Structures are given as structure tokens and as C-alpha cells.
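A.B. asks: One structure follows; several queries about it will come next.
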Amino acid sequence: MRLYIKKQCLDMLETLAEANGEIRRLMEGKDWTSVLPFLEDCQQSAISVGNAIDRACGGIELVKNEAGDGSNETTGGGGDETNEGTGAVHALEDYCESLYILHEKIGCRTSSNENGIGEEADSVDLNSILQELDAEIAACREELTDRVSTEKEVVFLPYKASMWDALEFAWRKKAAEPGCTALVVPIPYYDRNADTTLGERHYEIDEFPDDVPVISCEEYDFAGRHPDAIYIHNPYDEYNRVTCVDPRFFSRNLKQYTDELVYIPYFVLNEPDLNNEAQMQHLAELAWMPAVVNADRVIVQSEAMRQAYIKICTEKAGPDQQQDWAAKIEGTGSPKIDKVKSLKREDFTLPEAWEALIAKPDGGRKKVVFYNTTVSTLLNSNEDLLTKIKNVLAVFYSERKNIVLWWRPHPLMEATLASMRPELLDEYRRIVSAYREAGWGIYDDSPDMDRAIACSDAYYGDMSSIVWLYEYTGKPIMIENTGILEDLDGE
């Protein structure tokens, strides 16, 4: 049985237990006209619970007697005692039978009084009846709690395949958990036009690794299946200036479909200094986002980052909510870090053309430099970054006999240019096209960042979250300065 269904059934059983007190009040007050429909409502609620158990476990279905006399019977499973829900449904059947007997005694007309209610109503042993009802509800609760196994369904909603590593380790962990079904349901996103309206739609469902089974978001019934938890890695909802996930999947909308919304950032940052005001202000732009506010759990990369998030969110929301933020935010580590630590070069198969670039004539291997250019540096440097890129490509071209450049620009580079720096887009595309056509280096526009990290020998490029990940490999890291150009001596 799904966990959320069991919770709903147990909540309804608690309501039925409380209804026994209302039955006592109505009968002690001789409010016979009210108690009869109330008993019918209790019976109908019990039937709904029994059928919910049946749908979740299979076997027995509790229904009203077709003769219309208000009693009930079971159909379907025929009392299969091997079914997990059988005991719970039988207890509800007994409960409904007790309600029916009480209903008949109250409504008996063999000797009617002036209210048209049988005198047998006054002779009902109320304490005995209520004890039976309490015992039957308790028996159902015990059967459901102790003898019906629980299954969880957890859904992961990546939008860019290149950011899948933010969720992958969490998905694999859940997929290996007994009694848990972990599903990957990619969601679409849009580029932002220069006027911030939604532009081209992207759906990267076909770009995930072969060993990751995916389900179309159009086929998954969020309302009907009500996953026990939903994991997301997009913090922005509508506040991203470059892209926007389909508004159906904004964090505030997802909350209605699950008992637990979990947010894991897609980025890894430098460890924060809580006393560094400038750093904390920059972090606040990421920490105070809709996904953080709307999530039931937020999982960040470290305890230091957790304390920074708590401080930022408490300052935004008010000091009286500090304990709530402390309970919500966990510093148990980023799945991206776990993934990077596990990477091995031999786990990846490269295209033949790339292997040919890396191989030396003597059978050895050239050094491979992972060259990373970022959106933030582009926005801050504008034309200077394009000049720097051309200079870097020229330098590595001159060293191509011993070093292979593995250029992997940020996956949103062109989308950012189109939205926020359209005047630079054509020049950037010319640079990329010339580099790819020349064929002396690797151009990587795939969603697999892990391959570049694992197969390279050093990092060179802009400061970004990749730098903090790359540190865990122990390989050399060099940060480029867009204001410094190499003198190529006329080459």
C-alpha cells in the first residue's frame, strides 16, 4: 500500500473513532432524527476506507447490500486471508454491521412513540454498542498499521539533462531502498526572450543516460498518483532571467501533489563565511528563492552552507521562524560532490574522433585541459570574454601536439546571449563554428559534465560552481582572467 494512502486511511479511522463520541451525544439527547443519518454517514465513510484499502492491497471490496436494507457485504476477493488488507476490511465490515444493527434498533417501528421512533431505541445498551464500535475501529487500525506493508513512490523532476548530477545520487539511493519506487520524470523548460516572455520550448527527455529510465511528464498523473516525495533542483520558478521551467512545475504548484517537496541545488559553491557581508548578500540571491521557501526539505552541500541558508532565510522571514528554517534545511551534502568523488576515467567511452585527438603517435596520451566558460563571466565581461576566448583558443592551438583543449561552455551560453546580450550572439557563434570546423580540439555541448571532469587532467576557465566540484578530484585548477591576453609572438 502506498504510504500516503495508508495515512489517509488512518486519518479517516481517527475521525470515525471521534464520531463515536458524537453518536453518544446524539443518543443521550434522544436526537433520533439526527443520529440516523449520522450513522449512515459513518457507514459510508467506513465503506470508502475499506474500498481504498482494497484498491491498494487487492482482494476484498466493501459495499452496501443491494437489497437496500442498509446492511453491507464484501465482494471481490472472497475473503482471501493471504491478502494484506483482509483483516482491516473484515474489521470495517464488523463496524458497518454494528452500525446497521444500531440503525435498525433506533428506526424500529414495531411499537412507535409520538416521534415515530421505535421504543427499542430507548432500550439500546449504548455503552456496549460504543465499546464494539471502538474495538472494531481499533482492530482495523492495528491491522492497517502492523500488517499492511508500506510502499513509497518518489519522483525526480530534472529539467536540464546537464544538471541531472544534482539529483542522480539521491535517485540511485532511493531506487535501491526497499519498498520504494523512484521515478525520473523530466520536465520541459523555455528560453527567455529579450523582453522576458517565454521563447523556445525544450524537452530533453532523450538526453539522459541510458541507465536512467525516464517517464514523460505528460504521462505521469501527479494528482492521481500523489507521489510521497518530489525532488527538484530548479530554485527559481519564474525568477530566472535566462530560462523558465514549465509553470505547471513551479515549486508552489508541485506542493499540492505531494506530502514532501525536496529541493537540492544544482550548483556547488565556495564554503560561506557568515561574517562576510558581500558574500552573504551574493548567496542570498540563491538562498531566498521560491524552491527554498516552498520546499519541505532543502538539502545543501555542508553544515556551513546550512548555517548560511538558515541565517539568510531567518533574516528574510523574521526571527520567530528561525527554528522552522533550522528544521527544514539539511547540510548533509550535495549529490554532485558524491558523484564527482566516484568518477573514473575508465568509466567513460569517448567518441573515436576525441580519442584520436588525445592519443600520441607513440601510443601515449596527451594532457587534456577542461576549458569552462560561464554565463556570469560573459554578462560581466561582454566583448572582453569573446576576445579572451579567441586568445585562449590560439594559445592551445599552438600547444596542440602535447595538450588537447576540451572546451565545454555553459549549456545556457547561447540562450543567455539571445536573451540578455543579443548583440554578441553572432560573434560568439562564429568563434564556436570556426573552432569546431578546425577539428584540433574537443567541443563538448553534451549534457554530461561528469565526463569532462573525469577525463581531463586539469581545469582552466572561469570561476564557477564547477571549480568547487573540480577541487574534489585533486587535479590542478587555473582561473582565467579576461583582462590578460597571451602574447603569441605573431603566431
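The values are calculated or read from the model by the stated rules, or taken from the named source; none is laboratory data. Since the model is a prediction, treat every value here as computed from it, not as a measurement. Heads up, the Cβs are rebuilt from the backbone with ideal geometry, glycines too, and the neighbour counts pull from every protein chain shown. To get the accessible areas, we keep the full protein, side chains included, count just its heavy atoms, and leave off ligands, DNA and RNA. Shrake-Rupley method; radii C 1.70, N 1.55, O 1.52, S 1.80 Å.
A.B. asks: How large, in percent, is the carbon and sulfur part of the accessible surface of the range 324-422 at a probe radius of 1.4 Å?
C.D. replies: Reported share for carbon and sulfur atoms: 49 percent.
A.B. asks: Could you give the Stokes-Einstein D for the range 204-319 in µm² per second, using the C-alpha Kirkwood radius, 4 °C, 1.567 mPa s?
C.D. replies: Reported coefficient: 82 µm²/s.
A.B. asks: Between residue 7 and residue 342, 0.36 nm times their residue separation minus their Cα-Cα distance comes to what?
C.D. replies: Using 0.36 nm per residue and subtracting the Cα-Cα distance, I get 116.8 nm.
A.B. asks: Separate question: Lysines within cross-link reach of residue 7: Cα-Cα under 21 Å, excluding same-chain residues under 8 positions apart?
C.D. replies: Candidates past the 8-residue exclusion: 152, 174, 255.
A.B. asks: May I ask you to rank 360, 341 by accessible area, largest first, using a 1.4 Å probe over the protein chains only?
C.D. replies: Putting 360, 341 in descending order of accessible area: 341, 360.
A.B. asks: What are the extents of the Cα atoms of the range 182-224 along their three principal axes, listed from largest to smallest and rounded to whole Å?
C.D. replies: Projected onto its principal axes, the Cα set of the range 182-224 covers 38, 28, 13 Å.
A.B. asks: Largest first, please: the extent of the C-alpha atoms of the chain along each principal axis, to the nearest Å.
C.D. replies: Projected onto its principal axes, the Cα set of the chain covers 116, 50, 38 Å.
A.B. asks: Keeping all protein chains in place, calculate the accessible area per residue for the range 350-460 (probe 1.4 angstrom), answer in Å².
C.D. replies: 43 Å²
A.B. asks: To continue, here is another question. Starting from the amide H of residue 182, placed 1.01 Å from N in the peptide plane, find each other amide H under 5 Å away whose residue is 5 or more places distant or on another chain.
C.D. replies: Under 5 Å from the amide H of residue 182: 154.
A.B. asks: Here's another thing I want to ask about it. Label-point separation (nm) for residue 430 and residue 367, each offset 7 Å from Cα along Cα-to-Cβ?
C.D. replies: 3.2 nm
A.B. asks: Show 141, 408 ordered by accessible area, largest first, where the area counts protein heavy atoms only and the probe is 1.4 Å.
C.D. replies: 141, 408
A.B. asks: While we're on this one: Loop-only check: which chymotrypsin sites (Phe, Trp or Tyr not before Pro) in the range 292-394 are DSSP coil with at most 14 other Cβ within 10 angstrom?
C.D. replies: In loop regions of the range 292-394 (DSSP not H, G, I, E or B), the sparsely surrounded chymotrypsin sites (Phe, Trp or Tyr not before Pro) are 348.
A.B. asks: For the chain, what is the calculated [θ] at 222 nm in deg cm²/dmol (nearest 500), taking -39500 (n - 2.57) for each run of four or more DSSP H residues and dividing by its residue count?
C.D. replies: -14500 deg cm²/dmol
A.B. asks: In whole percent, how big is the carbon plus sulfur part of the accessible area of the range 145-207, probe 1.4 Å, protein atoms only?
C.D. replies: 46 percent
A.B. asks: If I require 18 Å or longer along the helix axis, counting alpha carbons, and a Kyte-Doolittle average no lower than -0.5, what helices from the chain are left? Use full DSSP H segments.
C.D. replies: On the way: long enough: 3-28 (38 Å, -0.22); 32-57 (37 Å, 0.26); 86-107 (31 Å, 0.07); 126-147 (31 Å, -0.29); 303-317 (21 Å, -0.40); 383-398 (23 Å, 0.49); 425-438 (20 Å, -0.81).
What comes out of the filter, once short or polar helices are dropped, is 3-28, 32-57, 86-107, 126-147, 303-317, 383-398.
A.B. asks: Residue 55 versus residue 438, label points 7 Å from Cα toward the beta carbon: distance in nm?
C.D. replies: Taking the two extended label points, one gets 6.3 nm.
A.B. asks: Sticking with this structure for a sec: Under 1.5 on a/c is rounded, so check that first for the range 390-476, then, if it is not, pick prolate when a/b is larger than b/c and oblate when it is not; a ≥ b ≥ c are the square roots of the alpha carbon gyration tensor eigenvalues. Before the final figure, lay out the partial values.
C.D. replies: Details: a/c = 2.04, a/b = 1.22, b/c = 1.67.
Taking the square roots of the gyration eigenvalues as a ≥ b ≥ c, the range 390-476 is oblate.
A.B. asks: Just flag the trypsin sites (Lys or Arg not before Pro) in the range 183-276 sitting in loop per DSSP whose Cβ has no more than 13 other Cβ atoms within 10 Å.
C.D. replies: Answer in residue order: 241.
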